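Nothing in this text is a laboratory measurement; each read-out follows from the coordinates by a stated rule. Quantities reported herein were computed from a predicted structural model and do not represent experimental measurements. Glycine gets a Cβ as well: all are built from the backbone with ideal geometry, and neighbour counts include every protein chain shown.
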Amino acid sequence: MALHITPLESVGVEVSGFDITQAMGEALKSELISLWDEHAIVVFRGQKVDPKSQIEFSRIFGPLATHPIKETTSAEHPELFMLVNEPEKEKYHTASYNGELVVGRLDWHMDLHYTGKPNRGALLRSVVCAEKDGLTGFADLSKAYDALDADTKSLLEKIEVAYCFSMQRRHMRYVDLEGYEPGPYSPTKPADVNFPNFPDVAYPAVVTHPVTGRKVLEIADQFLDRIVAPHEAGLCNDEAIELLERLVVHTRRPEFHYFHEWQEGDMVLWDNWRVTHCATGTPPGVQRVIHRTTIEGETTLGRVL
Ligand SMILES: [Fe+2]
């Protein structure tokens, strides 16, 4: 069985030519791992997936993590993290964007980035597709790094960026707040959703990927707060803020992005050490169920401040 690999429009690949329900040999497994390492975003379509086969398939890429929030974890399969739009809960995830109510919109982020130890990767499967919107965006930050000019690259070698966990989107300094209004039930502090009060974390502005050795521009809109001690890199605070603004704009260029429109049977695997993702959200009342499996990472990329 030979894999069929089709590049997506700008970043990532779509892979077909195998059946998830059939046993896979070691050669096929290592080919899949190499594709994940090389392209960072891997899309599979039309597979007959159930929770068991999703878990088994995900294990090819490394040991799986269980999620600390029990409410969103499957009782039968602790490796399965379930994202479900439920009418009685969606008000907590509803906010207004340019006068329209949107459920579950999420800014560009890496999962668990705010802990300093993001997981290695994850695989999403659409169980119930939203009939409207509900796209997941992926941004390749190695390609974003490669496209920087040489001066910026060498400046970034001397810089660390700090991230501050916040519950309120309007407290995040580099997300696009134009037209944004929180909803009446939007959580205002981590304790509202049983989250701890996470300390700030810092990352090198350019992280060398522990497995592939590729450089990654460590800029994610969500929770991005400041450059640590900018004077040590010869920058005043104003220059530091302008540099972050410029880098955020750079990562938003469409040539680094892939937006997945979900169909039943789709799975998307990504490298969470190289790729940020975002969710466009759905209008209120739209059903949507996504199952996520999470591949653990044994390396801590950031440091707690
Ligand atoms: Fe996420």
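The table for this structure:
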read-out: Within-10-Å neighbourhood charge of residue 296 [Cβ basis; K, R +1; D, E -1]; value: +1
read-out: DSSP bridge orientation in the chain - percent antiparallel, rounded to nearest 5; value: 95 percent
read-out: Pairwise label distance in nanometres, residue 191 with residue 56, each label 7 Å out on the Cα-Cβ vector; value: 4.6 nm
read-out: Cβ-defined net charge surrounding residue 180, 13 Å radius [Lys, Arg +1; Asp, Glu -1]; value: -3
read-out: Region 102-139: trypsin sites (Lys or Arg not before Pro) in DSSP coil with no more than 14 other Cβ atoms inside 10 Å; value: 132
read-out: Extension gain from residue 212 to residue 3, taking 0.36 nm per residue of separation minus the Cα-Cα distance; value: 73.1 nm
read-out: Full-extension gain in nm, residue 75 to residue 22, via 0.36 nm per residue minus C-alpha separation; value: 16.5 nm
read-out: For region 229-271 versus region 119-158, the gap between their alpha-carbon centres in whole angstrom; value: 7 Å
read-out: Percent of Cα-Cα distances greater than 15 Å, calculated over region 130-200; value: 74 percent
read-out: Net charge of neighbours whose Cβ lies under 13 Å from the Cβ of residue 102, counting Lys and Arg as +1 and Asp and Glu as -1; value: 0
read-out: Proportion of all alpha-carbon pairs of region 4-304 beyond 26 Å (%); value: 45 percent
read-out: Residue among 154, 74, 186 with the largest mean-square fluctuation in a Gaussian network model of the chain, springs linking Cα atoms under 10 Å; value: 154
